[in-house]
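Visitor: Before we start, here is the structure in question, set down as structure tokens.
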Amino acid sequence: MNNIPAPPEEPGPLIDTSEMSAGQRAAMELTEAARESGDARTFAGGMFMGEFNLSTVHPFPVQSAGDRDQGDAFLKQLETLLREKVDADEIDRTGEIPRPVIDELARLGAFGIKVPTEYGGLGLSQTNYCRAAMLLGSWCGNLTALISAHQSIGVPQPLILFGTEAQKQKYLPRVARGEISAFALTETNVGSDPAAMATRAEPTPDGKYFILNGEKLWCTNGTKAGVIVVMAKTPPKVVNGKSKDQITAFIVEMDWAGVEVLHRCHFMGLKALYNGVIRFTNVHVPCENILLAEGKGLRVALTTLDTGRLTLPAACVGAAKRCLNISRAWANERKQWGAPIGKHAAIADKLARMAADIFAMESMTLLAASRVDHDKHADVRLEAAMCKLWATEATWRIVNDAVQIRGGRGYETAASLKARGEPGIALERMLRDCRINTIFEGSSEIMRLFIAREMLDPHLKVSAAALNSQLPLRRQLSAATKAAIFYSTWYPKQWLPFAGQFQISDFKFQIGARHLRYVARTNRRLARAIFHAMLRHGPKLEREQLLLGRFVDIGTELFAMTAVCLRGKRLLNPVNSMDKNEDLPGLIDYFCNTARLRIAQHFRGVRRNVDPTGYRLAQKVLADRFEELESGIVQTSK
Ligand SMILES: Cc1cc2nc3c(=O)[nH]c(=O)nc-3n(C[C@H](O)[C@H](O)[C@H](O)COP(=O)(O)OP(=O)(O)OC[C@H]3O[C@@H](n4cnc5c(N)ncnc54)[C@H](O)[C@@H]3O)c2cc1C
């Protein structure tokens, strides 16, 4: 399948940064250096190259009975705790998670769900962890954030992945028992772009410590944590004759001299987030507290997030299911204009989309999670990013639709509803809480760029050297010859009408076969469209964010369709035929048909769009050429 020529012996930079600004170049070089560059192509990665290798994802995974039982025992206790002891509205109102709730979570092992048992954790699988996130997400956004920031990005995950045995022995039992942890990357001038990082760590002359100085912003759990992971710049190193910035990840204990919480931040939602600004003044961090190695901090952060990112979509599934639960009940109960509102087409449409999208995001997340369970080192970068992007955006629509279905009651607070004798249904809180999901752990814009980078990677490996003006002419010519040979066979294949169809017949799909045939065909159409865009834009394609975004969205929809069809096949052949849901084919068809409509719209957008004029217009807006549009208001900025 991966018949791409081997990269040249000295690959050189894959991306030509010669025409970039210094800031852009620094950001690009830093993230490129930290990027994992596995050559094995995953199902999702192959789709962008026109491949349809169903055998890598078929059959849809089923949790083994043992794994499920292990998860069930913990989830049952967690559910009881949530139902009986966690008042999510009270937590929202007071901005505090009661200490007994945190203690009880610790007692259940909720702070060490994935931590191996030999280090005091529950040692549960990624799938069970996702099931816990779903349960939490359905009940309380604040608890979800506490557990997820601690476990998915805080100390446990990077330590499990990269920690030395001594680090694991020292810290994993502590964090598994309930010592809260956090992850500190963001700074005032460092959001999506870590190259501008100002926090620094300088080695002491005796080589035993690094002295840490700087300030971190928006560190979730930071005001309650005992131990955190901090990203800092360490002295640059000379690589290939050039000075290269280094970012290093340190494990820092919050009671060390020089660590201060300056401020607890407050937000639109997640009112009980223990999120703070943390200052480090001459903090002595022992060298043994470096994670992975000096200069490998960004790789620690990116790899941690690769699987860490699966928690958010799982929690989104939980929140979205809760919305469906609330919306379905209200759409049956509430009668207006002589009928339950669910019988009016405009509300029915929202319910249908909600149900189909929930099935899709759950299918995608389970598929990706099971890959981690089968192989701890599985490359799920793309799948996790697709799940994060798709699920957080779908959940925002779903919560918004649920508010609309509840009408005025959707906008009213739970406390006010209760005070006048109605059930305290807190959609207003859920809307506030879930708005952040498309911003943190990689904003939607950054997720699209991240997926686009992976999407273009096979092409960059084949052809970037030919166009890279930073390389000697001889290297460019040799690369151009290799690229011509590769594309002379690859491109015609993208026009073959039946590629991939046999696998679909082999796997005997009763439902979804026609949709999978569409996926196989559309993968090739997508691959052709990407290739044509490369020819049209050359190295400048990297700047065509909207165009790349459409390709990414098409690929993500195709991945969602595949996950839905595979899971549908699995569910339609249950071990116990009583579990069979006769209405499932309708749901699968509906989802795939809506996805096809969205894909068609994206393809239309590739051919006809107003991107360049929109960009020019935005630059004029930025240059304040439409002052009148901001007149007649109370202005906050000039
Ligand atoms: C509630 C909350 C909790 C958080 N928890 C943590 C935490 O625990 N640890 C931590 O380190 N950080 C945390 N963060 C920080 C969070 O990850 C950042 O907010 C996020 O990375 C975005 O950074 P920014 O807000 O500075 O936005 P910016 O990077 O300034 O971006 C602003 C906007 O521009 C877009 N944008 C930026 N660059 C590009 C580009 N190249 N192309 C197109 N669009 C672009 C972004 O998508 C965004 O829409 C948290 C933030 C919040 C609000």
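Visitor: Going out from 0 in 10 Å bins, what whole percent of all Cα-Cα distances in the chain drops into each bin?
Guide: Result, from short to long distances: 3, 15, 24, 26, 21, 10, 2, 0, 0 percent.
Visitor: Three principal axis extents, largest first, for the C-alpha atoms of the range 188-240, in Å?
Guide: 37, 27, 15
Visitor: Top to bottom by accessible area (1.4 Å), largest first, where do 266, 377, 532 land? Don't skip to the answer; put the middle values down first.
Guide: On the way: 266 130, 377 150, 532 65 Å².
Largest to smallest exposure gives the sequence 377, 266, 532.
Visitor: Describe numerically, in nm with one decimal, the distance between label points set 7 Å from Cα along Cα→Cβ at residue 580 and at residue 622.
Guide: With each label point 7 Å from Cα toward Cβ, the separation is 5.9 nm.
Visitor: How much length is gained if the chain between residue 498 and residue 413 is pulled fully straight, taking 0.36 nm per residue apart and subtracting their Cα-Cα distance, in nm to one decimal? Walk me through the numbers on the way to the answer.
Guide: Numbers: separation 85, 0.36 × 85 = 30.60 nm, distance 5.50 nm.
Full extension of this stretch gives 25.1 nm more.
Visitor: What percent antiparallel are the DSSP beta bridges of the chain, to the nearest 5?
Guide: Working: 34 of 39 bridges.
Antiparallel: roughly 85 percent of the beta bridges in the chain.
Visitor: Ratio of the range 414-560's C-alpha Rg to 2.2 N^0.38 Å, to two decimals? Don't skip to the answer; put the middle values down first.
Guide: Numbers: Rg = 22.7 Å, N = 147, 2.2 N^0.38 = 14.7 Å.
So the range 414-560 has a normalised radius of gyration of 1.55.
Visitor: Another question, then. What full-extension length gain, to one decimal in nm, is calculated for residue 94 and residue 198 as 0.36 nm per residue of separation minus the Cα-Cα distance?
Guide: Numbers: separation 104, 0.36 × 104 = 37.44 nm, distance 3.43 nm.
Additional length available on full extension: 34.0 nm.
Visitor: List, in order, the whole-Hz ³J(HN,Hα) value for each residue of the range 73-89 obtained from phi through the Karplus relation with A = 6.51, B = -1.76, C = 1.60 and θ = phi - 60°; use x for Gly and Pro.
Guide: Listing the rounded values in order: 4, 6, 5, 5, 5, 5, 5, 4, 4, 4, 5, 8, 10, 10, 9, 4, 6 Hz.
Visitor: Kirkwood hydrodynamic radius of the range 475-605 from all distinct Cα pairs, in Å?
Guide: Values: mean 1/r = 0.0593 Å⁻¹.
One decimal place: 16.9 Å for the Kirkwood radius.
Visitor: Same structure again: Tell me the accessible surface of residue 56 in square angstrom (1.4 angstrom probe, heavy atoms of protein chains only), to the nearest ten.
Guide: 70
Visitor: Please give the solvent-accessible surface of residue 493 in Å², to the nearest 10, using a probe radius of 1.4 Å with every protein chain present.
Guide: Probe radius 1.4 Å; accessible area of residue 493 about 90 Å².
Visitor: Ranked highest first by the average count of other Cβ atoms within 10 Å around their residues, in what order do 545-557, 478-490 fall? Can you show the working numbers first?
Guide: On the way: 545-557: 22.5, 478-490: 15.1.
Going from most to least packed, we get 545-557, 478-490.
Visitor: Calculate, for residue 514 and residue 166, the FRET efficiency according to 1/(1 + (r/R0)^6) with r their C-beta to C-beta distance and R0 45 Å; round to the nearest 0.05. If you can, show how the numbers build up before the last one.
Guide: Details: r = 56 Å, r/R0 = 1.25.
Result of the calculation: an efficiency of 0.20.
Visitor: Cα gyration tensor of the range 61-174, axes a ≥ b ≥ c as square roots of the eigenvalues: rounded (a/c below 1.5), prolate (a/b > b/c) or oblate? Each step should come with its number before you reach the end.
Guide: Working: a/c = 2.02, a/b = 1.30, b/c = 1.55.
Note, shape of the range 61-174 comes out oblate.
Visitor: Another question about this same structure. Separation between the residue 597 and residue 65 pseudo-spin-labels, each 7 Å from Cα along Cα→Cβ, expressed in nm?
Guide: Roughly 4.4 nm, to one decimal.
Visitor: I would also like to ask the following. Place a +1 charge on the Cβ of each Lys and Arg in the chain and a -1 charge on the Cβ of each Asp and Glu, then give the dipole magnitude about the Cα centre in debye, rounded to the nearest 20.
Guide: Details: 81 positive and 68 negative charges, 356 e Å.
My answer is approximately 1720 debye.
Visitor: Separate question: At 0.36 nm per residue, minus the direct Cα-Cα distance, what do residue 528 and residue 253 gain on full extension? Give it in nm, one decimal, please.
Guide: On the way: separation 275, 0.36 × 275 = 99.00 nm, distance 5.16 nm.
Residue separation times 0.36 nm, minus the Cα-Cα distance, leaves 93.8 nm.
Visitor: Ordering 411, 171, 615 by how much accessible area each has at a 1.4 Å probe, largest first, what is the list?
Guide: Numbers: 411 190, 171 0, 615 150 Å².
My answer, sorted largest first, is 411, 615, 171.
Visitor: Right, something else. Before rounding to the nearest 500, sum -39500 (n - 2.57) across all DSSP H runs of length at least 4 in the chain and divide by the residue total; then give [θ] at 222 nm in deg cm²/dmol.
Guide: Details: 23 runs with 338 residues, N = 638.
Rounded to the nearest 500, the figure is -17500 deg cm²/dmol.
Visitor: Please report the accessible area of residue 41 (heavy atoms, 1.4 Å probe, ligands and nucleic acids excluded) in Å², nearest 10.
Guide: Here the accessible area works out near 60 Å².
Visitor: Once both labels are modelled 7 Å past Cα along the beta-carbon direction, what's the residue 76-residue 439 spacing in nm?
Guide: So the two model labels end up 4.1 nm from each other.
Visitor: Check the range 220-361 and count each lysine pair with an alpha-carbon distance under 21 angstrom, considering only pairs eight or more places apart or from different chains.
Guide: Step by step, the pairs that qualify in the range 220-361 add up to 11.
Visitor: Same structure again: If you place +1 on the Cβ of every Lys and Arg, -1 on the Cβ of every Asp and Glu, and leave all else neutral, what size is the dipole of the range 310-407 about its Cα centre, to the nearest 20 Debye? The partial results should precede the final answer.
Guide: Numbers: 14 positive and 10 negative charges, 96 e Å.
About 460 debye.
Visitor: If you average the sequence gap of Cα pairs under 8 Å that are 6 or more apart and divide by the length of the chain, what percent do you get for the contact order?
Guide: On the way: 990 pairs, mean separation 98.2, N = 638.
Reported relative contact order: 15 percent.
The values are calculated or read from the model by the stated rules, or taken from the named source; none is laboratory data. None of the values given here were measured: they were computed from a predicted structure. Every residue, glycine among them, receives a Cβ derived from its backbone with ideal geometry; neighbour counts consider all protein chains shown. Note: accessible area is taken over every heavy atom of the protein model, side chains too, but ligands, DNA and RNA are not part of it. Shrake-Rupley method; radii C 1.70, N 1.55, O 1.52, S 1.80 Å.
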